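Only one structure is covered here, and it is reproduced in the block below.
The values are calculated or read from the model by the stated rules, or taken from the named source; none is laboratory data. Just so you know, these numbers come straight off a predicted model, no measurement behind them. So basically every Cβ, Gly included, is an ideal-geometry build from the backbone, and we count neighbours across all protein chains shown.
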Amino acid sequence: MSRIVTIAANTVREAIRDKVLGSIALFGGLLVVVSLAMRDLSIGDTDKAVQGLALSAMAFIGAVLAVFLGVGLVWKELERKTIYTLASKPMPRWHLLLGKYVGLWATLMVELAALTAVYVAVTAPTLGMPGPASWIALAALALELTFLCAWATLFSTFAAPASAAAYTVSVYVIGHFADDLQRFGQASRDPAFRETATTLYRLVPNLEMFNLRAEAVHGVLVPAGELASIAAYGLGGTLAVLSVAVLVFERRDFS
Amino acid sequence: MARPEGLVSAPAIRTEGLGKVYRTGFLRRPIPGLADLDLEVPAGASFGFIGPNGAGKTTTLKMLLGLQAATSGRAWLHGVPVPTPESRRRVGFLPERPYFYEHLTAGEFLHFYARLSEVPRPMRAERVDALLERVDLARFRDVPLRSFSKGMLQRAGLAQALVADPDLLILDEPMSGLDPLGRVLVRDLILEERRRGKTVFFSSHVLSDVEAVCDRVAMVVGGRLRGQGTVRALLGETVAHVDVHAVGVARLPTGAWAASPGADLRVRLAPAEVDAALDGIRGAGGSVFSVTPAVRTLEQVLLDEVERARPVDGKRLGVLA
């Protein structure tokens, strides 16, 4: 356990000292501020629209960071050959992979917390403190990033960063259109297409499930049962994807 | 941690028929990397693993450390089967041309590996300080590794390998890229570890270094073991010939070794002829300037083996042959 924490801490430290990451985080903060500043330029129920925009900006930046950091997670260790001294220590390989994953996850959570702090600092004076629905939406976003990190980690165990990034972005995009896929299928009169669409819907990850931003903007509280199933889906999916990543990583030759 | 009962006297390294076949390309074409390696490194030995580039040295080390899976055979470290994590518990490793986390300072870097090696917390700071001192990096403790030279990185890597005070040090080309001072430092370090009863197993193609610090050697060429044993046994006890250089010889004594007359005499003799020749030179009023027995060097032995190795059974084995 202590080795996992040590590797995670080193991953966080490396990310924090990475200038590119700092720039993305700064850009994220600015994006949130600009989203909220747009209330002066909007017509109608500006507060809700702007609040939704700011939450979307946070989700976007979180996903960019997950892809940016996640896809090089294992590849960088292989490329720099630091994997030789790490994997030759008396520990199972899954400790190494889990340590890297936890480090990536912790980095993202720190970034998300920082963006949330910016969001609260900017909205509190005019809109008041975010209500429970907003906090639930942020927790769901954290869960989505946890799941997305697991996918990026899996792809980084066997693919170079460019390919791993393409795979992770594909999962992200398809994952957010999963509900549409199901709706298309149900709307079709062709039973074969309906069956295919339903099967695909069950196979692809459903990331749209974690999007509770509309509920946050309108102050709608999602029922506890639904939240529990979202949490179970996110954590179960993360565990399943990480298990596959461990299997791939355990079989790899470091040449 | 207490050592497992019965394993204390086990060889530091043992392999039985260890082999590796790489698969490359879309068709997974087999490329032999190492075949049938039977190796035994006694505990406490300073063991050189020599061979030309691409002979299978690094492949062997990686298999011993669980970085690559063997496709045939078995291996043990201190009697514990490879590649279990337990087999690496008493091992320190320095890879060839090491790259480390550039964002860490030398001190942070060693603390990181000390934690991974489960060095007890109260001992960590003291161990790190002592090692930085030992590899002459103490004054660079707070300097990030990104600003280190190649030689400094190599020394930091050595400190990393030693951080858990391992019983077995596995070093892949530890002298590579070092200036003469760095090489002396590494050589002294290996000799010191040997004096402390540790096993040092290192691959190298700088054969003079191997001769200087090793008591035993294994030679691998074209993915196959070509010999192992003490350095003396590998080189052979016999002297092939003796070169004699004498000056001031006005007239040569008679004999089979006679060369052209002159004041400066250089002759190559059979060992049995040396005594008579030296008497003859002195008797003729000359002075013996030098007597040099020609013994085989590891380099000559290795070159002979490389020559003998190609082709192996009509097939090419490994990258080199």
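Listed values, structure above:
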item: Given (1) at pLDDT 95 or above; (2) touching an Asp or Glu at 6+ places or on another chain (Cβ under 7 Å), index of the condition B:Met63 fails; result: (2)
item: Hits in the stretch B:113-159 - residues which are buried (at least 22 other Cβ atoms within 10 Å of the Cβ) and within 14 Å of another protein chain (Cβ to nearest Cβ); result: B:Tyr113, B:Ala114, B:Leu116, B:Ser117, B:Gln154, B:Ala156, B:Gly157, B:Leu158, B:Ala159
item: From A:Val169, A:Val173, residue being β-branched (Val, Ile, Thr), within 30 Å of A:Trp75 (Cβ to Cβ), assigned to a helix (DSSP H, G or I) and free of Cβ contacts under 8 Å to residues at least 24 places away in the same chain; result: A:Val173
item: Qualifying residue in the stretch A:61-71 (condition: more than 14 Å from chain B (Cβ to nearest Cβ), modelled with pLDDT of 75 or more and not in a helix (DSSP H, G or I)); result: yes
item: Failed item in (1) touching a Ser or Thr at 6+ places or on another chain (Cβ under 8 Å); (2) of a type outside the set (Ser, Thr, Tyr); (3) under 27 Å from A:Val74 (Cβ atoms), with A:Gly185 passing the rest; result: (3)
item: Test: A:Glu250 is over 30 Å from A:Ile83 (Cα atoms) and surrounded by 12 or more Cβ atoms within 10 Å (Cβ to Cβ); result: no
item: Which listed residue, of A:Arg3, A:Arg93, is touching a Gly at 6+ places or on another chain (Cβ under 7 Å), under 30 Å from B:Thr59 (Cβ atoms) and modelled with pLDDT of 85 or more; result: A:Arg3
item: Residue satisfying condition, being in contact with a Gly (Cβ under 7 Å, 6 or more places away or on another chain) and at pLDDT below 80, within set B:Gly314, B:Gly262, B:Gly223, B:Gly285; result: B:Gly285
item: Residue list for the stretch A:2-30, filter: within 11 Å of chain B (Cβ to nearest Cβ) and either surrounded by fewer than 16 Cβ atoms within 10 Å (Cβ to Cβ) or under 15 Å from A:Val67 (Cβ atoms) (or both); result: A:Ser2, A:Val5, A:Ala15, A:Ile16, A:Arg17, A:Asp18, A:Lys19
item: Restricting the stretch A:72-91 to residues that are assigned to a helix (DSSP H, G or I) and not β-branched (Val, Ile, Thr), the residue that is farthest from the other protein chains (Cβ to nearest Cβ); result: A:Trp75
item: Residue match in the stretch A:124-139 (condition: among the aromatic types (Phe, Trp, Tyr), closer than 21 Å to A:Met209 by Cβ and touching a Pro at 6+ places or on another chain (Cβ under 9 Å)); result: no
item: Set A:Trp135, A:Trp94: member being within 14 Å of chain B (Cβ to nearest Cβ), of a type in the set (A, V, I, L, M, F, W, C), assigned to a helix (DSSP H, G or I) and surrounded by fewer than 23 Cβ atoms within 10 Å (Cβ to Cβ); result: A:Trp94
item: Qualifying residue in the stretch A:187-203 (condition: of a type in the set (Val, Ile, Thr) and under 23 Å from the mean Cα position of the chain (by Cα)); result: no
item: Residue among A:Leu212, A:Leu181, A:Leu207, A:Leu200 that is surrounded by 14 or more Cβ atoms within 10 Å (Cβ to Cβ), at pLDDT 85 or above and more than 23 Å from A:Tyr101 (Cα to Cα); result: A:Leu212
item: Any hit, the stretch B:122-130, residues being in contact (Cβ under 8 Å) with a residue 40 or more places away in the chain and touching a helix residue (DSSP H, G or I) at 6+ places or on another chain (Cβ under 8 Å); result: no
item: Residue match in the stretch B:89-111 (condition: within 14 Å of chain A (Cβ to nearest Cβ), in a loop (DSSP other than H, G, I, E, B), surrounded by 23 or more Cβ atoms within 10 Å (Cβ to Cβ) and in contact with a Gly (Cβ under 9 Å, 6 or more places away or on another chain)); result: yes
item: Residues (touching a strand residue (DSSP E or B) at 6+ places or on another chain (Cβ under 6 Å) and under 17 Å from B:Val82 (Cα atoms)) located in the stretch B:6-34; result: B:Pro11, B:Ala12, B:Ile13, B:Arg14, B:Thr15, B:Glu16, B:Gly17, B:Leu18, B:Gly19, B:Lys20, B:Leu34
item: Test: residue in the stretch A:100-121 that is within 14 Å of chain B (Cβ to nearest Cβ), among the β-branched types (Val, Ile, Thr) and over 23 Å from A:Tyr233 (Cβ atoms); result: yes
item: Counted residues, the stretch B:112-121 - those being outside any helix (DSSP H, G or I) and touching a residue at least 40 places away in the same chain (Cβ under 8 Å); result: 3
item: Among the residues listed as A:Arg213, A:Arg183, the single one being among the basic types (Lys, Arg) and farther than 18 Å from A:Ala59 by Cβ; result: A:Arg183
item: Candidates B:Gly177, B:Gly197 - the one that is modelled with pLDDT under 95, surrounded by fewer than 18 Cβ atoms within 10 Å (Cβ to Cβ) and in contact with a Lys or Arg (Cβ under 7 Å, 6 or more places away or on another chain); result: B:Gly177
item: So B:Leu18, is it part of a strand (DSSP E or B), of a type in the set (A, V, I, L, M, F, W, C) and over 14 Å from the mean Cα position of the chain (by Cα); result: yes
item: Selection count, the stretch B:21-53, where residues are assigned to a strand (DSSP E or B), closer than 23 Å to B:Ser72 by Cβ and not hydrophobic (A, V, I, L, M, F, W, C); result: 10
item: Hits in the stretch B:47-81 (condition: away from every other protein chain (no Cβ under 11 Å) and free of Cβ contacts under 8 Å to residues at least 60 places away in the same chain); result: B:Ser72, B:Gly73, B:Arg74, B:Pro81
